[in-house]
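Asker: Let me begin by handing over the structure; questions about it come next.
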Amino acid sequence: MNESLLFLIPLLPLTAAVLNMLFGMRLPRLVTETVAVSGVAAAFLLTLLFWGYADGEGTRATLGSWLAAAGVEVSFALHFDALAAAMTLMVTGVATLIHLYAVGYMHDEDDYARFFGLLNLFVFAMLTIVLADNLLLLFLGWEGVGLCSYGLIGFWYRQTENARAGTKAFLVTRVGDVFLAAALLWLFALTGTLEIAAINAQAAGLAPAVLTALTLLLLLGACGKSAQLPLMTWLADAMAGPTPVSALIHAATMVTAGVYLLCRLFPLVSLSPDGMAAIAVVGALTALYAATCALAQREIKRVLAYSTMSQVGYMFLAVGAGSVAGALFHLFTHAFFKAALFMAAGCVIHLAGGENNILRMGGLARRGPRELLWVFVAGALCLAGAPLTGGFFSKDAILLAAYTEGSPLFLALWGVALLTALLTAAYTFRLVYLVFAGTPRGAVDPHPLPWLMRWPLWPLVLCGLGGGLLNLPPLFGGGEWLTRRLGGLAGRAISATHDLEWALGALATGLVVLGWGLARWRYGRFRAGRDHRLGRWLLRGWGADALVEALLVRPFTAISRFCAIGCDRALVAATVDGIARQTSACGERLRLLTTGRVSTYLAAFLWGFLIMLGWFLLALVR
Amino acid sequence: MIVPFAHVLLFAALLFVMGLGCALARRNLIMILIGVEIMLNAAAVALVGGSAHWRQVDGQVFVVFLMAMTSAEVAISLAMVVYLRRRRGTLEADKFDGMHG
């Protein structure tokens, strides 16, 4: 087989997107849906088919030249190595299931062509990020996912707050994109190339300060897409989009693009100890921040959004601790169980008659379908990190990586991560209890869910539960398949004694049980809580929006108003208008001279003649 | 020529000023036209006087032209006076101020 066939993987979803966007509304609904799903499913099957190409160094394929001018040489090139292949498989697999779910979920939506077109375009852009061989192509995908995310968050744009949430996501992630673009240009200026492999190879020759600055720029770029600490405010609002979008873009794939970027450039990033520490600190703090926020949220999807932010924070911590394999391991298990949780949440909202607020749900265990309870609880167990689920192993790997890094900073971050693990268990089981336990506090509308909204959950939940097998540590008889598969890309090898691993595992288990106990004690029977100040503060995400409002938006508005009123209206408009007004006033006065009467003109003739005559006489006399 | 040239010029100037005064002071269109005619004829007197004084025929040629032009002018302007009188019912010059600014 020709390696150019690798291009089919991203191009098939693109074709589906173009077809759906151009002709979607004219085709029968079934055709549109089939095109959308089959485009992604075909990409998934192709990835399986081409799996062998990723062995060793991987395979490069070039379709053609994109830019070739003045020393810039950029081509449409893919690099299908172990990292990209694993990521592609996850993205296409999860996307296929979510597309199937979306067919059921968007059953009553009239604007389905736009939805599926954007969803397919998103998959294309995401695959471009994953497979790109050079940073410019990666940046193309990076902007593409941002665009699709914007379009899909504001999918129901007739409600202003949805459109505004889309705009917010677009703008906030764009701040990160600017930093990424700066890093990209700087890298090009330093190395003269944009190929990822070449940059990674040349990174060792760069000055340490430059490397640190580059790492920080890349980190800020990653923070924008992955909703990490300074740039995290958009993710919770992004839940305004349809649930499949939340599952695909804002849980499983796009928000992990930042992690992927750092993994891709890990050889460069890892050369800067300060940069690595910054990545780990951002990750750990975000994990803690988001977990505390999730404790107080009232909307089911917002709880999950904050938990996503928190889990992505874990992945950043793993990258910072030098364990690319740990980050990817958690990325995969998280993608599976979080997508499943989101889709189950979509079913829950469906059954609760469109109700989002978990305080007004409850009792779904008895009134809803049994199957949903199992799926949701299984997803929640993974998220909480209950022993032997995928989430347990991947989270443990990260904790172990942070612990074995050795420096006091990382020990502190390990402590933060442990605290986060406790909070994670607490808010997860709070969610489960509030939704499923007790008696219904709001409308329950028990009706059979569409077939397509039920079964795509199962593969995801099974992958989430069994995700540990991907990278099972030797302690449990596994062979760390993912780490071995990644080979040289896996980052620092984590070595720990079995005793330490047992101790950490037991500690994590204890925390999960403690968190579960706390949640059961508080929410086992529903008690309406008092509306206290701390809760409100957490509900507002530590007042981050208000802070951004006060620090950025309001000064910006003030400056804009000053420019508009102070400069434009007062200075420019006043000067120009003043000159115009004076001119026209002069004209008004001069106008009076033309009376239109012959006698006036005749008199003027005479006076003019007399003056000229006088002038000549004067000249004659002199 | 028995009349001294200075007298001729003086007479012409007097005639001109009277015509000018008529054209300026009167508000009736016909009177203004008469004033203009008087001024033209004053110029003609000066030309004839000059022609006799310098024994050159040019001045008299000019006067012939002047007469032709004056008759044409009177023909047109009187026609316009009749037209305006029909149209506006007045010959008051100040009433025709349609060109005022």
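Asker: Name the long-range amide H neighbours of A:Glu299: under 5 Å, sequence gap of 5 or more, or other chain; modelled H, no Pro or chain starts.
Answerer: Amide H to amide H, under 5 Å and 5 or more residues apart or across chains, A:Glu299 pairs with A:Ile358.
Asker: For the peptides A:398-407, A:197-206, A:499-508, what is the packing order when you average, over each peptide's residues, the other Cβ atoms within 10 Å and list the highest mean first? Mind dumping the intermediate values first?
Answerer: Working: A:398-407: 22.2, A:197-206: 16.7, A:499-508: 15.1.
Taking the mean over residues of other Cβ atoms within 10 Å, the ranking is A:398-407, A:197-206, A:499-508.
Asker: Please report, in cubic angstrom per residue, the volume enclosed by the convex hull of the alpha-carbon atoms of chain A. Could you put the intermediate results ahead of the total?
Answerer: Working: hull volume 164.5 nm³, N = 622.
Dividing the Cα hull volume of chain A by its residue count gives 265 Å³.
Asker: So what is the relative contact order of chain A, in percent, for Cα pairs below 8 Å that sit 6 or more residues apart?
Answerer: On the way: 999 pairs, mean separation 72.4, N = 622.
Taking the mean separation of contacting Cα pairs over the length of chain A, I get 12 percent.
Asker: Let me ask something else about it. Over the range B:11-101, average the accessible area per residue using a 1.4 Å probe and give it in Å², no decimals.
Answerer: Values: 5930 Å² over 91 residues.
Here the residues of the range B:11-101 average 65 Å² of exposed surface.
Asker: Over the range A:303-361, give the accessible area per residue in Å² for a 1.4 Å probe, as an integer. Provide the component values of the computation, followed by the final result.
Answerer: On the way: 640 Å² over 59 residues.
I get 11 Å² per residue for this part.
Asker: Next question, about the same structure. Using all C-alpha to C-alpha distances in the range A:480-622, build P(r) with 5 Å bins and read off the rounded percent in each one.
Answerer: Calculated over all Cα pairs of the range A:480-622, the distribution is 2, 6, 5, 5, 6, 6, 5, 7, 6, 6, 4, 4, 4, 4, 3, 3, 3, 3, 3, 2, 3, 4, 4, 3, 1, 0 percent.
Asker: Whenever you get a sec, line up A:Leu135, A:Leu534 from highest to lowest accessible area (probe 1.4 Å, protein heavy atoms). Don't jump to the answer; show the numbers that get you there.
Answerer: Numbers: A:Leu135 5, A:Leu534 100 Å².
Order by accessible area, largest first: A:Leu534, A:Leu135.
Asker: What is the list of residues in the range B:37-57 whose amide nitrogen lies under 11 Å from a point 7 angstrom out from the Cα of B:Leu9, following Cα to Cβ?
Answerer: Answer for this model: B:50.
Asker: Name the residue farthest towards the positive end of the dipole of the protein assembly as shown from the options A:Phe476, A:Thr389, A:Ser560, assuming +1 on Cβ of Lys and Arg, -1 on Cβ of Asp and Glu, about the Cα centre.
Answerer: My answer, from the dipole projection, is A:Ser560.
Asker: Continuing with this model, one more query. Angle check, please: helix A:135-153 long axis (alpha carbons) against the longest principal axis of chain A (alpha carbons), in degrees 0 to 90, nearest 10.
Answerer: The angle comes out near 90 degrees.
Asker: Tell me, what ³J(HN,Hα) does each residue in the range A:37-47 have, in order and in whole Hz, if you take phi through Karplus 6.51 cos²θ - 1.76 cosθ + 1.60 with θ = phi - 60° and put x for Gly and Pro?
Answerer: Once θ is set to phi - 60°, the couplings for the range A:37-47 become 5, 5, x, 6, 4, 5, 4, 4, 5, 4, 4 Hz.
Asker: Also: Report the label-to-label distance for A:Leu67 and B:Met99 in nanometres (one decimal), using points 7 Å from each Cα along the Cα→Cβ vector.
Answerer: According to this spin-label approximation, the distance is 6.8 nm.
Asker: Figure the gain on full extension for A:Arg540 and A:Glu57 (residue separation times 0.36 nm, minus the Cα-Cα span) and round it to one decimal in nm. Don't skip to the answer; put the middle values down first.
Answerer: Working: separation 483, 0.36 × 483 = 173.88 nm, distance 4.69 nm.
Here the answer is 169.2 nm.
Asker: Still on this structure, please answer the following. Answer with one residue from A:Trp537, A:Ala238, A:Val461: the one whose Cα lies farthest towards the positive end of the charge dipole of chain A, charges on Cβ with Lys, Arg +1 and Asp, Glu -1.
Answerer: Result: A:Trp537.
Asker: Give the angle, between 0 and 90 degrees and rounded to the nearest 10, that separates the Cα long axis of helix A:208-226 from the longest principal axis of the Cα atoms of chain A.
Answerer: Taking Cα atoms only, the helix is inclined about 90 degrees.
Asker: Spin-label point model (7 Å from Cα, Cβ direction): what's the A:Ala496 to A:Leu571 distance in nm?
Answerer: Using points 7 Å along Cα→Cβ, the separation is 6.1 nm.
Asker: What does the C-alpha gyration tensor say about the overall shape of the range A:1-104? Classify as rounded when a/c is under 1.5, otherwise prolate if a/b is larger than b/c, or oblate. Kindly include the intermediate steps, with their values, before the conclusion.
Answerer: Details: a/c = 2.81, a/b = 1.47, b/c = 1.91.
Note, shape of the range A:1-104 comes out oblate.
Asker: Per 0.36 nm of contour for each residue apart, how much would the distance between A:Arg158 and A:Glu109 grow if the chain were fully extended, relative to their Cα-Cα spacing? The partial results should precede the final answer.
Answerer: Values: separation 49, 0.36 × 49 = 17.64 nm, distance 1.35 nm.
Between A:Arg158 and A:Glu109, full extension yields 16.3 nm more.
Asker: Can you compute the modelled spin-label distance between A:Leu359 and B:Arg88, with each label point 7 Å from Cα toward Cβ, in nm?
Answerer: Taking the simple label geometry, A:Leu359 and B:Arg88 are separated by 8.6 nm.
Asker: How large is ³J(HN,Hα), in whole Hz, for each residue of the range A:509-516 in order, when computed from phi with the Karplus curve 6.51 cos²θ - 1.76 cosθ + 1.60 and θ = phi - 60°, using x for Gly and Pro?
Answerer: 4, x, 5, 4, 5, 4, x, 4
Asker: Something else about it: Helix-only mean residue ellipticity at 222 nm, the protein assembly as shown, DSSP H runs n ≥ 4 weighted -39,500 (n - 2.57), per residue, nearest 500. What is it? Walk me through the numbers before you get to the answer.
Answerer: On the way: 31 runs with 503 residues, N = 723.
The helix-only estimate for the protein assembly as shown comes to -23000 deg cm²/dmol at 222 nm.
Asker: Also, quick follow-up: On average, how much accessible surface per residue is there in the range A:417-564, in Å², for a 1.4 Å probe, leaving out ligands, DNA and RNA? Walk me through the intermediate numbers first.
Answerer: Details: 8560 Å² over 148 residues.
With the other protein chains kept in place, the range A:417-564 gives 58 Å² per residue.
Asker: Please report the buried accessible area for the interface of A with B, total over both chains, probe 1.4 Å, in Å² to the nearest 100. Could you put the intermediate results ahead of the total?
Answerer: Details: alone 26790 and 7250 Å², together 33140 Å².
Chains A and B together bury approximately 900 Å².
Asker: Between A:Ser407 and A:Phe556, what's the calculated FRET efficiency when r is the beta-carbon distance and R0 is 25 Å? Round to 0.05.
Answerer: Values: r = 39 Å, r/R0 = 1.57.
Efficiency computed from Cβ-Cβ geometry: 0.05.
Asker: Now, a different point. Under 23 Å between alpha carbons, and skipping anything fewer than 8 positions from A:Lys225 in its own chain: which lysines qualify?
Answerer: Within reach: A:Lys168, A:Lys301, A:Lys338, A:Lys395.
Asker: Moving on. If we sort A:477-490, B:57-70 on the protection proxy, mean other Cβ atoms within 10 Å, highest first, what's the order? Please list the in-between numbers first.
Answerer: On the way: A:477-490: 16.8, B:57-70: 13.2.
Highest mean packing first, the order is A:477-490, B:57-70.
Asker: In square angstrom, rounded to the nearest 10, how much accessible surface does A:Val324 have for a 1.4 Å probe?
Answerer: Its heavy atoms expose roughly 0 Å² to the probe.
Asker: Please give the average number of partner chain Cβ atoms lying within 10 Å of the Cβ of each residue in A:595-606, rounded to a whole number. Please list the in-between numbers first.
Answerer: Details: counts 5, 7, 8, 9, 9, 3, 1, 7, 2, 0, 3, 3.
Mean partner-chain Cβ count within 10 Å for A:595-606: 5.
Asker: A:Leu304: net charge of surrounding residues, Cβ under 13 Å, Lys/Arg +1, Asp/Glu -1, itself excluded? Write down the numbers at each step before the final one.
Answerer: On the way: positive: A:Arg298, A:Lys301, A:Arg302, A:Lys338, A:Arg430; negative: A:Glu299.
Neighbour charge sum, excluding A:Leu304 itself: +4.
Asker: Sum up the charges of everything whose Cβ sits under 14 Å from the Cβ of A:Gly464, counting Lys and Arg as +1 and Asp and Glu as -1, but leave A:Gly464 out. Provide the component values of the computation, followed by the final result.
Answerer: Values: positive: A:Lys338, A:Lys395; negative: none.
Charge balance near A:Gly464 sits at +2.
The values are calculated or read from the model by the stated rules, or taken from the named source; none is laboratory data. These numbers come from a predicted model, not from an experiment. No Cβ is skipped: glycine too gets one built from the backbone with ideal geometry, and neighbour counts run over all protein chains shown. These area figures cover heavy atoms from the full protein model, side chains too; ligands, DNA and RNA do not enter into them. Shrake-Rupley method; radii C 1.70, N 1.55, O 1.52, S 1.80 Å.
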